[in-house]
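This report concerns only the one structure given below.
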Amino acid sequence: MKKIAKNIKGFTLTEVMIAMMVLTVAIVSASNLLVGLINSNKTITNTMQAYYLAQEGLELVRNARDTNWLHNQNWLGDDGLFGKFEKEYAYSIDLDERGWRNSTAADIQNISELAAYKPWNFQKESTVENIEAQGPVFSVSDFDGFYRHVEFLPYEECGEETCADFVKVRSVVSWGDDKEVVLEEILSNWKGGVL
């Protein structure tokens, strides 16, 4: 014959409710943490992309300066391969649909032939003063909601005679409502202008 146990305990309704509450709090906390990590990752990704676009803007200006000098063109004040850069103005950068493909050719004889192979072009947009007062005036996005322009500013950290051959180039990339990355570089007329 079997003995019937009389002291078998089960879970009470209160214990089940407390366990469900603890489990719910743990799941909600974990999901909030996951959502926060995803948003943080998106912000970091956008910031890094903006940084790379700003760095590319500075490198494009440096490349334009060096290309003009290689073809005996002054990079400030003269109409060289990439046009005339003026201090106190902002320029947008228009990338050619070909990109870097076909950007060089061995049979180029003069600068007018080279212009057909440029992978990008600079467009004068506005004065730096207007941009600071009104915000970016550029209506075309370079890359999925990122707006990039480069500003040419006078370099005034040294005497007026010495600083005439220097320019401060600022590359600004903005996105969203109020986010932006700004990189600056001082470029000099290291070749001394047109020979």
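Where a number appears in this text, it was derived from the coordinates with a stated rule and is not lab data. Source: prediction; values computed, not measured. All Cβ positions, glycine included, derive from the backbone under ideal geometry; neighbour counts span all protein chains shown.
Applying 1/(1 + (r/R0)^6) with R0 = 35 Å to the Cβ-Cβ distance of residue 87 and residue 47, what FRET efficiency is obtained, to the nearest 0.05? The formula returns an efficiency of 0.75 here. Spin-label model, residue 16/residue 180: points 7 Å from Cα along the beta carbon direction are separated by 6.1 nm. Please give the FRET efficiency for residue 40 paired with residue 72, using the beta carbon to beta carbon distance and R0 = 41 Å, rounded to the nearest 0.05. After rounding, the FRET efficiency stands at 0.20. Here's how it looks for residue 74: its modeled amide H is under 5 Å from those of 194, which are all 5 or more places away or on a different chain. Sorted fewest first by neighbouring Cβ atoms within 10 angstrom, 170, 62, 148 come out as 62, 170, 148.
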